[in-house]
Amino acid sequence: MKIAPCWIANSGTTVTLNVLDDLSTKLLGSVPPTDRLRHLQSLISQKSYSELAEYAIDYETFGIDDVSELLLIRQVLAFYQKLECLPLGIDKEQVAYNSFLDAEQKCSTMNALFRSDPYLLSFSSSSRAILARAREIISGCLGKVPSIAALRLRFGPGATTEIKAGLCSDQYKLAAQPSCSEELLRSPFFNDLVREMPHWAEAHAVYSDEDIWRLNVSIKHSKLVFVPKNAKTFRGIMTQPTLNGLLQNAIGDYMSTRLLKAGLNLADQTINQRLARAGSMQGHVATLDLKSASDTLSYGLIKNLMPEDWFLLLNETRCRTMQYRSDDPVRLSQFSSMGNGFTFPLESLVFWSLGRAILERNQGGILSVYGDDIIISTELVGQLTEVLEVCGFTVNDRKSFVSGPFRESCGADYFRGFDIRPYFQKQEISAMTLFSMYNFFYRRYERDFCEEILSYIPIELRLYGPDHYGDGHLVSDTWNPLVTRRMRRDGYGGVLFRTYRLTPRKHISLYPGDHITPLYQLYIRGDGNQRSLLKREVATEFSRSGRAFYALKGTEGYEIVSIYTFAR
């Protein structure tokens, strides 16, 4: 079975499932059969994709001698459990929307609880003490609220309420009429925000008869949209109005900087990954995951934990109302969600402060937080779980690991210290995804299975080259280097290899004489300390009329390029 002779062309659901079924069968047949492997093979033979999607591994039933079998089972499941086109007969958007409604109901309940003075009515004395200490920790970490002038305003990479995902360039956002929530427009921060972007504000100004201008801004609600998550459900995201998003991202960056100074690095997932590996061997730490963590950040909890000045800043810059499809806007019980630029550092701060408070009460322990990926000393899990439930969060038992030989965190999976992270097939099969799959197994020295994958890739598409240059070519130890006549003549010591590269989508500047976008790009580049955090593509191509080309998300095709290297 061959796929289309185009590197990026998807092969469709039928071909995708046939290829994955064949590869799974060959994987399972490469080792002596066991009861678990036979059961998995029967599910594949019967095309029982619903059962494959729901299949859960009991890691405590595997011993140290079963690592190879566990790797096989995880890899077979990884071919299906995140596959977007897996035919399960499920309305994935409706499933995700129901989860959103459940989270909203939980937040509404928590808001009512916090309004009823929880310190007297509901919480245990230990929970009250931990919340009180968490407030002090948060206040000490964040310090004084920064002025708007002290923040570095920036757009996020995604869609806004006005700009769809396919048109996510800085210039489209700058060219569109600015929008914000009603609360931000009426807040004490709005005028300071406008003063920080005088050229952009003037470009969208409306002048009065007295020659006084004001920013022409539209009032918008956040919009609930869904993006792929796994085979069973979507992930909900709240797109934000332009000005809200601009300020939220700046606040989130500032909060991340403050957390770094306090010892929590949100730019480094390897901290959690290393702890997860150690926990899988020693059992001294647990890895916890929460259900709908960001959607269950209730208004009442944040108001209770945050210093008053910080709560005012966050509350005025978030979107308090949401619109789904063409339904009427509704007022949110949750404080923020994915799509809000400060949600990730905010949830990290909340979980870290609660964990720190517990560590202090117990005079020590291990704690690391990355969003809702929490690692804590095993003996403290019960205390943290109790506090999290008091605050309205739910520990995901299926993805949390307290005992046994397995731990997972931040995209790393370990069984007794062995890395058992599989290759996840998320999209329909194409040559591009097969290149990535092939390279994954080649780097793991599973060369026989690489030959099975290679059999599905048309010969005319195969390009080989060295490792560490991405997946635009098939990694090989015996690739043929290219040396041109000019390179020999001029004494070059390196060689060339060919690889595929996606060509970016781009659009010509929306209007002549645009000076706003270059000014914005210079602004967000900042000094050397900020450049890595706020890096953006600066226009380097121009039309004959002098108008710049700007990159858009996505790709419009692919090309073959030559790369110079000293790797042989």
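The values are calculated or read from the model by the stated rules, or taken from the named source; none is laboratory data. Quick caveat, the model's predicted, so the values are computed rather than measured. In this analysis, Cβ positions are derived from the backbone assuming ideal geometry, glycine residues included, and neighbour counts consider all displayed protein chains.
Laid out as a table, the results:
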| item | result |
| --- | --- |
| First in the range 367-384 and of a type in the set (Ser, Thr, Tyr), second anywhere and part of a strand (DSSP E or B), Cβ under 7 Å, 6 or more apart | Ser368/Ile375; Ser377/Val285; Thr378/Val285; Thr378/Ala286 |
| Restricting the range 400-444 to residues that are touching an Asp or Glu at 6+ places or on another chain (Cβ under 7 Å) and among the polar types (S, T, N, Q), the residue that is farthest from Arg501 (Cα to Cα) | Ser400 |
| Identity of the residue in the range 309-329, in contact with a strand residue (DSSP E or B) (Cβ under 7 Å, 6 or more places away or on another chain) and in a loop (DSSP other than H, G, I, E, B), that ends up surrounded by the fewest Cβ atoms within 10 Å (Cβ to Cβ) | Pro329 |
| Meets criteria (surrounded by fewer than 21 Cβ atoms within 10 Å (Cβ to Cβ) and in contact (Cβ under 8 Å) with a residue 60 or more places away in the chain) for His221 | no |
| Residues that are at pLDDT below 90, among the aliphatic types (A, V, I, L, M) and more than 29 Å from the chain's Cα centre (by Cα), drawn from the range 539-566 | Ala548 |
| From Ser476, Ser430, Ser455, residue being in the same structural domain as Ser68 (by TED's automatic domain parsing), more than 27 Å from the chain's Cα centre (by Cα) and farther than 22 Å from Arg74 by Cβ | Ser455 |
| Selection from the range 7-56 of residues that are within 30 Å of Leu461 (Cα to Cα), surrounded by 14 or more Cβ atoms within 10 Å (Cβ to Cβ) and among the β-branched types (Val, Ile, Thr) | Ile8, Thr13, Val15, Thr16, Val19, Thr25, Ile44 |
| Cβ pairs under 8 Å, 6+ apart, first in the range 544-568 and on the phi < 0 side of the Ramachandran plot and free of Cβ contacts under 8 Å to residues at least 40 places away in the same chain, second surrounded by 12 or more Cβ atoms within 10 Å (Cβ to Cβ) and in a strand (DSSP E or B) | Arg547/Ile508 |
| Among (1) under 30 Å from Gly465 (Cα atoms); (2) among the hydrophobic types (A, V, I, L, M, F, W, C); (3) touching a helix residue (DSSP H, G or I) at 6+ places or on another chain (Cβ under 6 Å) - the single one Met487 does not satisfy | (3) |
| Which listed residue, of Leu434, Leu496, Leu454, is touching a residue at least 40 places away in the same chain (Cβ under 8 Å), of a type outside the set (Val, Ile, Thr) and farther than 21 Å from Tyr80 by Cβ | Leu496 |
| Tally of residues being more than 13 Å from Leu332 (Cα to Cα), touching a residue at least 60 places away in the same chain (Cβ under 8 Å) and of a type outside the set (A, V, I, L, M, F, W, C) across the range 90-116 | 5 |
| Tally, over the range 112-138, of residues that are part of a helix (DSSP H, G or I), of a type in the set (Gly, Ala, Ser) and surrounded by fewer than 17 Cβ atoms within 10 Å (Cβ to Cβ) | 5 |
| Residues (assigned to a loop (DSSP other than H, G, I, E, B) and in contact with a His (Cβ under 6 Å, 6 or more places away or on another chain)) located in the range 461-482 | Leu463 |
| Evaluation of Gly236 against (1) within 19 Å of Phe155 (Cα to Cα); (2) out of contact with any Gly (no Cβ under 8 Å at 6 or more places or on another chain); (3) surrounded by 19 or more Cβ atoms within 10 Å (Cβ to Cβ) (one fails), failing number | (1) |
| All positions within the range 468-483 that are surrounded by 15 or more Cβ atoms within 10 Å (Cβ to Cβ) and not aromatic (Phe, Trp, Tyr) | Gly470, Asp471, Gly472, His473, Leu474, Val475, Ser476 |
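For every residue, the table says whether it meets (1) touching a helix residue (DSSP H, G or I) at 6+ places or on another chain (Cβ under 9 Å); (2) β-branched (Val, Ile, Thr).
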position	(1), (2)
Ile3	yes, yes
Trp7	yes, no
Asn18	no, no
Ser45	yes, no
Ala103	yes, no
Ser116	no, no
